[in-house]
């Protein structure tokens with residue numbers, strides 16, 4: 001049988017995806033259940049997460065969790081519910097991120113918005129990954145973790161709270177990959193470009209800056225996410241950042257923001 005026909009082992013593997021109610025997280029979570037993997041869909045919005053499971057290829061394999069991951073108690077509740085629903089989680093995808101607004105440049109972003117972005121992106125990502133790694137290490141079982149970063153982890157975006165949190169995640173991937181590699185836990189990053197999904201409302205005019213000539217879609221990322229998550233397909237890949245951007249990273253067109261009256 002072709003390796004690509006059986007990228008996962010549903011009998012022993014289970015997944016947890018944050019930000020699974022919409023956008024990239026939703027596409028990845030739905031793709032995982034499509035491969036027969038029991039998956040926890042975690043999101044802050046009860047309606048979107050319920051719809052994500054309902055419209056997935058195999059709804060019976062999806063389990064909903066609703067909570068704000070900027071709250072540590074919600075993260076712990078998610079861990080408890082995941083253990084109850086699917087047992088030991090072997091595949092973790094951290095896609096959750098608060099909405100971002102173009103108005104939140106360096107001179108305008110509030111302390112609350114800054115703190116929430118880092119709490120969900122970085123603090124929750126680290127806490128969940130570490131707690132999911134503990135039982136895998138104890139059981140001597142392999143795992144595969146995937147963090148959604150951004151092209152703007154290395155390029156200013158006029159949104160300092162967003163860009164710096166994604167830069168922190170990019171380094172966290174490397175730290176965790178180095179620390180946990182000896183235990184068979186792989187940690188990688190998926191780096192989206194201009195993907196019209198989730199918290200990003202894309203201007204169609206942006207397509208002129210993209211060599212492949214179009215904006216991305218969440219569905220463009222799901223196949224690569226599955227490939228990187230699969231311990232069969234990507235067994236020797238860890239600490240890597242896979243860019244899926246249609247060539248956008250070859251371009252740079254951002255101008256500094258207009259600050260108005262200070």
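Going through region 142-160 one residue at a time, which ones are in contact (Cβ under 8 Å) with a residue 40 or more places away in the chain and in contact with a strand residue (DSSP E or B) (Cβ under 9 Å, 6 or more places away or on another chain)?
Our first condition is that a residue be in contact (Cβ under 8 Å) with a residue 40 or more places away in the chain; within region 142-160, this holds for 142-151, 155-160.
Correct list: 142, 143, 144, 145, 146, 147, 148, 149, 150, 151.
Do we find a residue being in contact (Cβ under 8 Å) with a residue 60 or more places away in the chain, closer than 12 Å to residue 131 by Cβ and either in contact with a strand residue (DSSP E or B) (Cβ under 7 Å, 6 or more places away or on another chain) or buried (at least 18 other Cβ atoms within 10 Å of the Cβ) (or both) anywhere in region 66-83? Before you say what the answer is, go through the steps one by one.
Our first condition is that a residue be in contact (Cβ under 8 Å) with a residue 60 or more places away in the chain; within region 66-83, this holds for 78, 82.
In the following step, the residues that additionally are closer than 12 Å to residue 131 by Cβ were identified as 78, 82.
Now restrict to residues that are either in contact with a strand residue (DSSP E or B) (Cβ under 7 Å, 6 or more places away or on another chain) or buried (at least 18 other Cβ atoms within 10 Å of the Cβ) (or both): 78, 82.
Within region 66-83 (the criterion being in contact (Cβ under 8 Å) with a residue 60 or more places away in the chain, closer than 12 Å to residue 131 by Cβ and either in contact with a strand residue (DSSP E or B) (Cβ under 7 Å, 6 or more places away or on another chain) or buried (at least 18 other Cβ atoms within 10 Å of the Cβ) (or both)), the answer is yes, since at least one residue qualifies.
Of all residues in region 211-225 being farther than 17 Å from residue 147 by Cβ and crowded, with 19+ Cβ neighbours inside 10 Å, which is modelled with the highest pLDDT?
Start the filter on region 211-225 by keeping residues that are farther than 17 Å from residue 147 by Cβ, which leaves 211-217, 219-220, 223.
Now narrow it down to the ones that are crowded, with 19+ Cβ neighbours inside 10 Å: 215-216, 220.
Values: 215: 87, 216: 86, 220: 91.
Per the stated criteria, the residue is 220.
Name the residues in region 41-63 that are under 19 Å from residue 98 (Cα atoms) and part of a strand (DSSP E or B), would you?
Listed by number, the residues that qualify are 41, 42, 43.
So which residues in region 133-153 are under 13 Å from residue 186 (Cβ atoms) and either under 16 Å from the mean Cα position of the chain (by Cα) or not in a helix (DSSP H, G or I) (or both)?
The answer is 141, 142, 143, 144, 145, 146, 147.
With the structure loaded, tell me whether residue 247 is loosely packed, with under 14 Cβ neighbours inside 10 Å, over 20 Å from residue 152 (Cα atoms) and at pLDDT below 95 or whether it fails that test.
Details: loosely packed, with under 14 Cβ neighbours inside 10 Å: yes; over 20 Å from residue 152 (Cα atoms): no; at pLDDT below 95: yes.
It is false that residue 247 is loosely packed, with under 14 Cβ neighbours inside 10 Å, over 20 Å from residue 152 (Cα atoms) and at pLDDT below 95.
Considering each of 228, 233 in turn, give the residue that is closer than 30 Å to residue 180 by Cα, modelled with pLDDT of 90 or more and touching a helix residue (DSSP H, G or I) at 6+ places or on another chain (Cβ under 7 Å). Write out each step before concluding.
Numbers: 228 fails: touching a helix residue (DSSP H, G or I) at 6+ places or on another chain (Cβ under 7 Å).
Just a single option satisfies the conditions, and that option is 233.
Please go through (1) loosely packed, with under 14 Cβ neighbours inside 10 Å; (2) touching a residue at least 60 places away in the same chain (Cβ under 8 Å); (3) assigned to a loop (DSSP other than H, G, I, E, B) for residue 11 and return the number of the only condition it doesn't satisfy.
Failing condition for residue 11: (2).
Quick one: which of 23, 62 is modelled with pLDDT under 95 and either crowded, with 21+ Cβ neighbours inside 10 Å or touching a helix residue (DSSP H, G or I) at 6+ places or on another chain (Cβ under 8 Å) (or both)? Walk me through how you get there before you give the answer.
Details: 62 fails: modelled with pLDDT under 95.
The unique qualifying residue is 23.
Scan region 165-205 for residues that are closer than 22 Å to residue 247 by Cα, free of Cβ contacts under 8 Å to residues at least 24 places away in the same chain and out of contact with any strand residue (DSSP E or B) (no Cβ under 8 Å at 6 or more places or on another chain) and jot them down.
Passing the criteria: 167, 201, 203, 204, 205.
Cβ contacts < 6 Å: first residue without any contact (Cβ under 8 Å) to a residue 12 or more places away in the chain, restricted to region 218-240; second residue surrounded by fewer than 19 Cβ atoms within 10 Å (Cβ to Cβ) and assigned to a helix (DSSP H, G or I), any location; separation 6+ or different chain. Result?
Every condition considered, no pair remains.
Please specify each residue of region 87-124 satisfying the condition of being assigned to a loop (DSSP other than H, G, I, E, B), modelled with pLDDT of 95 or more and surrounded by fewer than 18 Cβ atoms within 10 Å (Cβ to Cβ).
Result: 87, 88, 110.
The values are calculated or read from the model by the stated rules, or taken from the named source; none is laboratory data. What you are looking at is a predicted structure, and each value in this text was computed from that prediction instead of being measured. A quick note on method: Cβ atoms are made from the backbone with ideal geometry, for glycine too, and the neighbour counts reach across all protein chains shown.
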